[in-house]
Amino acid sequence: MEDCGKGIAKTAVLIAIGDELLSGVRREGNCAWLAWLLHDAGWKVLRIEVVPDDLSPVVDTLERWMGKTDLLVFSGGLGPTHDDKTRYALAEYLKCGLSVDDALYDRVVARFEGTSLKEVIEGSRSIQGLLPIEARGVYNPAGSALGIYFEKSGTRVWCFPGVPFEFKAMVGQELTPFLSQEKRELVRTWKSVAVIGIPESLAVKRVPEIIADESLHISVLPSFALVEFVIRGEAPLVESAVRTMRERFTGSVLPEGCASLPEAILATGREKGLTLSCAESCTGGLMGAALTQLPGSSAVFAGSAVTYSDEAKKRVLAVEPALLDHYGAVSGECAENMARGALEQYGTSLAVAVTGIAGPDGGTEKDPVGTVWFAEASRVGKEIESRSFGRRLEGDRDLVRERAVRIALTAAWLRMCEL
């Protein structure tokens, strides 16, 4: 294990337990979420593993990692049903029996006093309050199954229920104070630089000396029309690398601290005193959803008009009927009319519009599936300026819509930067 006091990140291994995760019935999210918290606190996550609901895999995991990592966190397998076997696997590994922690479980039951659930919670005491004798119980502030903690061979082990809101509540209770203290002792840090409109291969070639710097750990995270660089290492080296990267990508780099277009739009809008509205057809409200995921987005984002039908475009956004008859809904002319309509409807500084054919049906020889038109409109003095452009997007319906949102938000942010 590595010594945090010497400026080297401590290590963690995260284990998700559940047959439903291995079968694809459920998607693992707890460990991914915790990995980000650990990463933010300067820890190095060695592995994220998924194991089945069975004694042997959990015991094998403990034997493999005990003494080889500073922190081992398990998610799942602590409920009251037949497939919840984590507590029994821990007892087997610790070579001890199990007993119910009545005092700690009483605290759980007390939360349900006067409710219809009290009898159910009390009925689960013999299982959900059961702990290995060589471990201690962890109070669950959001559910009923107790967590488990023990330390052995220099490794701290925490086991939390897999229900996401319970897992997060218990991490907040147990790990967040611990990580905050550890973070203050670290001399290492990390920063993120997000770049739009440049393919991953070309983006990497702009900063070859940073990519090759062995004193830094660089993660290159590409997605559609965006590449994020995550730089980790000694704080002065990270800061120097970030400055260089921001200079090399001038005009394409998102504002400092922003790793997504919604974050960039909110930051730039606040800085410049600009507001944004949207007009959506094929994206069906996904632009508005992306923007409103951020707290405080109302400071910049006014609203999104979802006008899926031609009639809605006419009534809500005042798109001219003659224009629809002549050019059709999937056209630059319609997109510009939609953007101008949203601008007037919401009274914002600028507006962005999307209209197209996401599929799987509806395509024509002239406008096949994946044809999408975009437009932005903005106020320049007393005038309204607008412009449109089209794209042919590949992929199924979900992918076309996802990419359309990314393109539209890119156009909105770039226009914000110009105003």
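Each residue in the range 345-389 was checked for being polar (S, T, N, Q), more than 20 Å from Gly285 (Cβ to Cβ) and assigned to a loop (DSSP other than H, G, I, E, B), and 2 pass. If the condition is being closer than 17 Å to Phe160 by Cβ and in a helix (DSSP H, G or I), then the range 36-60 contributes Trp36, Leu37, Leu38, Val58.
Rundown of residues vs (1) without any contact (Cβ under 8 Å) to a residue 12 or more places away in the chain; (2) touching a Leu at 6+ places or on another chain (Cβ under 6 Å); (3) of a type in the set (Val, Ile, Thr), yes/no style:
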| position | (1), (2), (3) |
| --- | --- |
| Leu46 | no, no, no |
| Val50 | no, yes, yes |
| Asp54 | no, no, no |
| Thr61 | no, no, yes |
| Arg64 | yes, no, no |
| Lys68 | no, no, no |
| Val73 | no, yes, yes |
| Leu78 | no, no, no |
| Thr86 | no, yes, yes |
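Restricting Val120, Val50 to those that are surrounded by fewer than 22 Cβ atoms within 10 Å (Cβ to Cβ), β-branched (Val, Ile, Thr) and either under 22 Å from Ala32 (Cα atoms) or not assigned by TED's automatic domain parsing to the domain that holds Arg27 (or both) reduces the list to Val50. Once the range 111-149 is narrowed to residues that are without any contact (Cβ under 8 Å) to a residue 24 or more places away in the chain and polar (S, T, N, Q), the residue that is nearest to His82 (Cα to Cα) is Ser116. Taken together, Glu134, Glu214, Glu209 contain a single residue that is in the same structural domain as Trp33 (by TED's automatic domain parsing) and either of a type in the set (Asp, Glu) or under 17 Å from Leu38 (Cβ atoms) (or both), which is Glu134.
The range 61-161 holds strands (runs of 3 or more DSSP E) entirely within its bounds, and those carrying 1 or more residues that are polar (S, T, N, Q) map to 71-75, 98-100, 155-160.
Quick check on my filter: what residues within the range 240-281 are assigned to a helix (DSSP H, G or I) and more than 25 Å from the chain's Cα centre (by Cα)? Residues satisfying the conditions are Ser240, Arg243, Thr244, Glu247, Arg248, Lys272. Residues in the range 289-322 that are in contact with a Phe, Trp or Tyr (Cβ under 8 Å, 6 or more places away or on another chain), surrounded by fewer than 20 Cβ atoms within 10 Å (Cβ to Cβ) and assigned to a helix (DSSP H, G or I): Thr292 alone.
For the range 145-157, taking the residues that are buried (at least 20 other Cβ atoms within 10 Å of the Cβ) and under 28 Å from the mean Cα position of the chain (by Cα), the one that is nearest to Ala91 (Cα to Cα) is identified as Ile148.
The values are calculated or read from the model by the stated rules, or taken from the named source; none is laboratory data. Values in this document were obtained by computation on a predicted structure and should not be read as measured data. So basically every Cβ, Gly included, is an ideal-geometry build from the backbone, and we count neighbours across all protein chains shown.
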